[in-house]
Amino acid sequence: MSVKYRDQNARRPLNLVMRFSLMAFAAVSLAACKTTSLSDSSAGTMSTASLGEVSIKETAAVGNRWKANKKNKKLGLQYAGRLKSLGQAGDQLKVLDELAGLHPQDTQLQVIYGKELIIAGQTKRGQSVLQKVADAGKADWKAYSALGSALDQQGKHAEARKYYEAALKSRPGEISILNNMAMSHLLEGDLAQSETLFKQIDAMPTSGSEPRIRQNLALSVGLQGRFDEAREIASRDLP
């Protein structure tokens, strides 16, 4: 997704712009995710510390237990999470797809599935799953925020921000939503507005443990051509 520059001063040498653009891709992660205050990592927790032989065996064991009782949502989510940790995103989505089919009325599960589809790059499929949840009147703030992210990835920034606003109504002051809102303005090319929002978020008492907010602020400032200021902001979280 390209960034449209409104400020002519933001047109700088390509290598510098690319440097900050790489920061953007690292920060946008819906997903991703992730730390719990910037996004919801609800696709199951992993207990393995490495991706070695033991991890693979444990994953297979969990998978066999789930295949013996596929209606066990907890086991299925654990298996899907382990597959993801092993880099098997395709198999993870197959498990989540089957779980979503077995539990069509489980809103939390549908939201997890929709978000993971978006993270995997299947934006339109993820949007479709989440939209069904929203149309049924069962969407929570996480579903609305994920829908906004899906639309942002398609370049529909104004529409995306409507979903962020809906999410904020049920979760006022949620940093992850505000961060997505600011990133939406940045991706649209409204760098001044994104900077304003990132500064507001950074000033919130609950944002102190979120260095990615400051990295996103540095990105917004840097894309406006104020590289020294951006470097100073980005370095605040360095040891």
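Assuming Gln108 fulfils every condition listed in (1) open to solvent by less than 60 Å² (accessible area, probe 1.4 Å); (2) within 27 Å of Leu151 (Cβ to Cβ); (3) in contact with an Asp or Glu (Cβ under 9 Å, 6 or more places away or on another chain) apart from one, which condition is it?
All conditions pass for Gln108, except number (1).
Looking at Leu75, Leu93, which one is open to solvent by less than 50 Å² (accessible area, probe 1.4 Å), hydrophobic (A, V, I, L, M, F, W, C) and farther than 21 Å from Ile119 by Cβ?
Leu75
Determine the pairs where a residue that is at positive phi, located within the stretch 214-234, has a partner that is open to solvent by 20 Å² or more (accessible area, probe 1.4 Å) and of a type in the set (D, E, K, R) with Cβ atoms under 8 Å apart, the partner being 6 or more residues away or on another chain.
Gly225/Asp7; Gly225/Arg11; Gly225/Arg12
Tell me, please, whether a residue that is acidic (Asp, Glu), crowded, with 17+ Cβ neighbours inside 10 Å and either within 20 Å of Asn216 (Cβ to Cβ) or modelled with pLDDT of 95 or more (or both) can be found in the stretch 27-47.
Yes: the stretch 27-47 contains one or more residues that are acidic (Asp, Glu), crowded, with 17+ Cβ neighbours inside 10 Å and either within 20 Å of Asn216 (Cβ to Cβ) or modelled with pLDDT of 95 or more (or both).
Residues in the stretch 90-108 that are under 19 Å from the mean Cα position of the chain (by Cα) and closer than 17 Å to Val62 by Cβ: how many?
Number satisfying all stated conditions: 3.
The values are calculated or read from the model by the stated rules, or taken from the named source; none is laboratory data. All values derive from a computational prediction rather than experimental measurement. Cβ: placed from backbone, ideal geometry, glycine included. Neighbour counts: every protein chain shown. Side chains included, ligands, DNA and RNA excluded: accessible areas come from the protein's heavy atoms. Shrake-Rupley method; radii C 1.70, N 1.55, O 1.52, S 1.80 Å.
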